[in-house]
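Just so it is clear, none of the values below were taken in a lab; they were calculated from the coordinates. Bear in mind that the values here come from a model prediction, so they are computed numbers and not experimental data. Cβ atoms come from the backbone with ideal geometry, glycine included; neighbour counts cover every protein chain shown.
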Amino acid sequence: MEISFAGKRAVVTGAGKGIGRATALALARCGARVTAVTRTQADLDSLVQECTSIIPVCVDLADWAATEAALRDVGSIDLLVNNAACAKLQPFLEVTSDQFDQSFNLNVKAVLHVSQIVAGGMKARGSGGSIVNVSSQASQCALRDHAVYCSTKGALDMLTKVMALELGPHQIRVNSVNPTVVMTEMGRLGWSDPEKARSMTSRIPLGRFAEVEDVVNSILFLLSDKSNMTNGVTLPVDGGFLAC
Ligand code: NDP
């Protein structure tokens, strides 16, 4: 299946590393003009070195006012990938107020805010668009030490559905991908211990974690016109974990 984003403009958040970086590069390879948003300038520098057409934006997305200022002039956007998130793992009884606020600020509130900015433009132009939120299998299945992370992703799934409901009449589709573990920097943080990793892969019918490319391909599909009638779904990219 050939997917082309020629003539389209895209924003990818958390594009400095991991899934977001690979998504930004894949979109650019498919012809999109990509704005890459992340908070570490060195990552943006190396990204632009790798793909000179990418437009870098350096901002801490957990900061509402800074995000507003950074994205005010982002221009006409057709495709948005809300990928940036953090995972702060701790036992439920040890969760602190700060950890809770930081996680919800980035994983939920920033998604709402960036989407408001981008979808507001899509609506005003009447051009439609496609938004993909990067959620997780953790939105639908309890994981030890993931009380806050699971809660943010559960909230994100519901945000995805309400956005699909309200933005659908403007021909803006909103879906999420819900991956299992991917061995990025974030994945390594929680799943490097071989014993713990085995306890997860043994519950995945395909018997392995997801690769970055598995997630990127699902994101591209949901962004593209190949999924024109798909709106409000949470698409597992989990080898069957959530089905069992
Ligand atoms: P990484 O930690 O590898 O990359 C996250 C990216 O987001 C980095 O570039 C990071 O920048 C950026 N970022 C973090 N905080 C902010 C912020 N406040 N403002 C702007 N940018 C920020 O994560 P992954 O690629 O693994 O994860 C991507 C998405 O996939 C997330 O939504 C995650 O929840 C989801 N996911 C990941 C899974 C996994 O196992 N890896 C499994 C299921 C879902 P910096 O490095 O500078 O902080």
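Please tell me which of these pairs span more than 22 angstrom C-alpha to C-alpha: LYS8/LYS123; LYS109/LYS161; LYS8/LYS161; LYS17/LYS123; LYS161/LYS226; LYS17/LYS88?
LYS8/LYS161; LYS17/LYS123
By average Cβ neighbour count within 10 Å, what is the ranking of 209-218, 131-140 from highest down?
Going from most to least packed, we get 131-140, 209-218.
For the chain, just the Cα set please: Rg and Dmax, both in angstrom.
Every Cα atom of the chain included, Rg and Dmax give 17.1, 52 Å.
Amide H of VAL81 versus every other amide H placed in the peptide plane: which residues, excluding those fewer than 5 positions away on the same chain, fall under 5 Å?
Close amide H contacts, sequence-distant or interchain: VAL11, VAL12, THR13, VAL132.
So how much slack lies between SER202 and ALA42, counting 0.36 nm per residue of separation and subtracting their Cα-Cα distance, in nm?
Between SER202 and ALA42, full extension yields 53.9 nm more.
Using a 10 angstrom cutoff on alpha carbons, build the Gaussian network for the chain and name the most mobile of GLY16, GLY75, GLY168.
Result: GLY75 has the largest fluctuation of those listed.
May I ask you to order 182-189, 36-43 by the average number of other C-beta atoms within 10 Å around their residues, highest value first?
36-43, 182-189
Expected output is a single nm value to one decimal: the length gained when fully extending between GLU50 and GLN171, i.e. 0.36 nm times separation in residues minus the C-alpha distance. What is it?
Length difference between fully extended and current span is 40.2 nm.
Given 0.36 nm per residue, what is the gain on full extension from ASP225 to ALA124 after removing their alpha carbon distance, in nm?
34.3 nm
At 7 Å along Cα-to-Cβ for each site, give me the label-to-label distance between VAL162 and SER76 in nm.
Rounded to a tenth, the inter-label distance reads 3.1 nm.
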